[in-house]
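Q: Below: one structure in structure tokens.
The values are calculated or read from the model by the stated rules, or taken from the named source; none is laboratory data. Everything numeric here is computed off the predicted structure, so don't read it as measured data. Virtual Cβ from ideal backbone geometry, glycine too; neighbours counted across all protein chains shown.
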Amino acid sequence: MIDIDRVRAETPGTANRAHLNNAGAALMPTPVIEAASAYFAREAEIGGYEAADEAQDRHSAIYDSVARLIGAKRDEIALVENATVAWQMAFYAQQFQPGDRILTTRAEYAANYIAFLHMAQMKGIEIEVIPDDENGVLDPAALDAMLDERIRLIAITWVPTNGGLVNPAAEVGRIARKHGIPYLLDACQAVGQMVVDVEELGCDMLSATGRKFLRGPRGTGFLYVRREMLEKLHPPMVDMFGARWVAPDRYELRPDARRFENWENNLAGHHGLGAAVDYALSLGMENIETRCRMLGRLLRENLAALPGVQVYDLGTDPSAIVTFSIAGHEALAVKAHMSARGINVSRSMPSSTLLDATARNLPTLVRASPHYYNSEDELAKLVDACRELAYG
């Protein structure tokens, strides 16, 4: 069990707002703030290079922490600037040829789908969407039926930015492994709110951010690349950190996933990220997931009971991302109404998941994303604020 009073006391921001925008950027706990701040202070005291030399052991331990969080090995982890960089490093390392097919989801995130379109223009690949089942969830049987020798990559988002949907990532992994197809999993909204085990998921590559449910600093993220896949991938960009210049006409890539990193990095942010991972591990990811699911379910049910409120979430066991609308009120106005009452929510624009938004004729939605440190009273505060609008 999580001691909610303790974690709220260790989260300074809870004194100021009911922060229900964890799918955007969560409130950092004190250990994360202290780790990043202490490193910044040390750079100011002794110099940037000197602080890095001094903290080598602590920095190295971050790879062990991230690996433990997702069930990987430390040499399969790269620390990068954000989830987009992590995902793009893996995606653009693929060797696409004209006629290759990429399989993805209807609820795929805009940044990823734009990369697919870019590669279609550059290389002549084809993009195909895996059908959903009757609950709006990716259908593994439909995926299996789509496979042939032209499939070059399966790339899906595990938990999309809207709708609470949780796609069956592990079932996709079993199919991908069976057919020997590379599998890239966007876990941006999953890491930090759900148990993640890359062996169980069967993914070859996984991208994640620090700022969302992991509660780390902005400007941090990581990439996992399965050891066997590393030998097949050449980073789309390399520098003198990811590779070693060994002769005037030759370089050698690093043997580990850090070949996807750059020499210059946000080291203070990395230390904050490491503290965030350790904090989550200390609470137990099973405990975190259980509470997140419970809070999401509670909020979803209470909102759906209000007149004029429509909840848009998909799947039989949604995540802690709740999207809704209030009849007669634009999402921007609802967000402003919440902000005036000390409640943080965000908006989910149709353009962020264009295929899904078009298929379901979605308006701009209000997105509320509770996390384990949120209290039931904060959820009730949001519901009361919605009730004010619903009843006029």
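Q: For the stretch 215-256, give me each residue that is closer than 22 Å to Leu273 by Cβ, among the small types (Gly, Ala, Ser) and assigned to a strand (DSSP E or B).
A: Gly221, the sole residue that qualifies.
Q: Can we say Asp57 is assigned by TED's automatic domain parsing to the domain that holds Gly173, among the charged types (D, E, K, R) and touching a residue at least 24 places away in the same chain (Cβ under 8 Å)?
A: The answer is no for Asp57.
Q: List every residue pair whose Cβ atoms sit under 9 Å apart, with the two residues 6 or more apart in sequence or on different chains, where the first one lies in the stretch 104-123 and is over 25 Å from Ile175 (Cβ atoms) and the second, anywhere, is part of a helix (DSSP H, G or I).
A: These pairs meet every condition: Ala110/Ser351; Ala110/Ser352; Ala110/Thr353; Ala110/Leu354.
Q: Counting only residues that are in contact with a strand residue (DSSP E or B) (Cβ under 7 Å, 6 or more places away or on another chain) and more than 12 Å from Tyr372 (Cα to Cα), how many does the stretch 20-37 have? Break it down stepwise before answering.
A: Here is the first cut: in the stretch 20-37, the ones in contact with a strand residue (DSSP E or B) (Cβ under 7 Å, 6 or more places away or on another chain) are 20-24, 27.
Checking the rest, the ones that are also more than 12 Å from Tyr372 (Cα to Cα) come to 21, 23-24.
Going through the stretch 20-37 one residue at a time, the tally reaches 3.
Q: Also, quick follow-up: Is it fair to say Tyr63 is buried (at least 16 other Cβ atoms within 10 Å of the Cβ), assigned to a helix (DSSP H, G or I), assigned by TED's automatic domain parsing to the domain that holds Asp204 and without any contact (Cβ under 8 Å) to a residue 40 or more places away in the chain?
A: yes
Q: Mind listing whichever residues of the stretch 257-266 are part of a helix (DSSP H, G or I) and not aromatic (Phe, Trp, Tyr)?
A: Applying the first criterion (part of a helix (DSSP H, G or I)) to the stretch 257-266 yields 257-260.
Ala257, Arg258, Arg259, listed by residue number.
Q: Then there is this: Quickly run through the stretch 99-114 and pick out the residues that are at negative phi, surrounded by fewer than 18 Cβ atoms within 10 Å (Cβ to Cβ) and of a type in the set (Gly, Ala, Ser).
A: Ala110, Ala111
Q: What about Arg218, is it of a type outside the set (A, V, I, L, M) and closer than 21 Å to Asn112 by Cβ? Please lay out each step first, then the result.
A: Details: of a type outside the set (A, V, I, L, M): yes; closer than 21 Å to Asn112 by Cβ: yes.
Answer is yes for this residue.
Q: What is the residue count in the stretch 238-261 for residues that are in contact (Cβ under 8 Å) with a residue 60 or more places away in the chain and either small (Gly, Ala, Ser) or surrounded by 13 or more Cβ atoms within 10 Å (Cβ to Cβ) (or both)?
A: Residues of the stretch 238-261 in contact (Cβ under 8 Å) with a residue 60 or more places away in the chain: 255-261.
Add one more test, that the residue is either small (Gly, Ala, Ser) or surrounded by 13 or more Cβ atoms within 10 Å (Cβ to Cβ) (or both), and what stays is 256-261.
Residues that pass the stated criteria total 6.
Q: Could you list, in sequence order, all residues of the stretch 5-46 that are assigned to a helix (DSSP H, G or I), surrounded by fewer than 19 Cβ atoms within 10 Å (Cβ to Cβ) and small (Gly, Ala, Ser)?
A: Ala9, Gly13, Ala15, Ser37, Ala38, Ala41, Ala44 - these are the residues of the stretch 5-46 that are assigned to a helix (DSSP H, G or I), surrounded by fewer than 19 Cβ atoms within 10 Å (Cβ to Cβ) and small (Gly, Ala, Ser).
Q: Criterion first (within 27 Å of Asp139 (Cβ to Cβ), assigned by TED's automatic domain parsing to the domain that holds Leu223 and touching a Leu at 6+ places or on another chain (Cβ under 9 Å)) does Phe116 satisfy it?
A: The answer is no for Phe116.
Q: Please enumerate the residues belonging to the stretch 74-95 that are assigned to a loop (DSSP other than H, G, I, E, B) and either buried (at least 24 other Cβ atoms within 10 Å of the Cβ) or out of contact with any strand residue (DSSP E or B) (no Cβ under 6 Å at 6 or more places or on another chain) (or both).
A: Hits for the stretch 74-95 are Glu81, Tyr92, Ala93, Gln95.
Q: Residues to consider are Leu299, Leu306; find the one that is over 14 Å from Asn21 (Cα atoms) and among the hydrophobic types (A, V, I, L, M, F, W, C).
A: Leu306
Q: Among the helices (runs of 4 or more DSSP H) contained in the stretch 267-381, which hold 3 or more residues that are touching a helix residue (DSSP H, G or I) at 6+ places or on another chain (Cβ under 7 Å), buried (at least 22 other Cβ atoms within 10 Å of the Cβ) and in contact (Cβ under 8 Å) with a residue 12 or more places away in the chain?
A: Correct list: 267-283, 285-304.
Q: Looking at Leu117, Leu103, which is the one that is part of a strand (DSSP E or B) and at pLDDT 95 or above?
A: The unique qualifying residue is Leu103.
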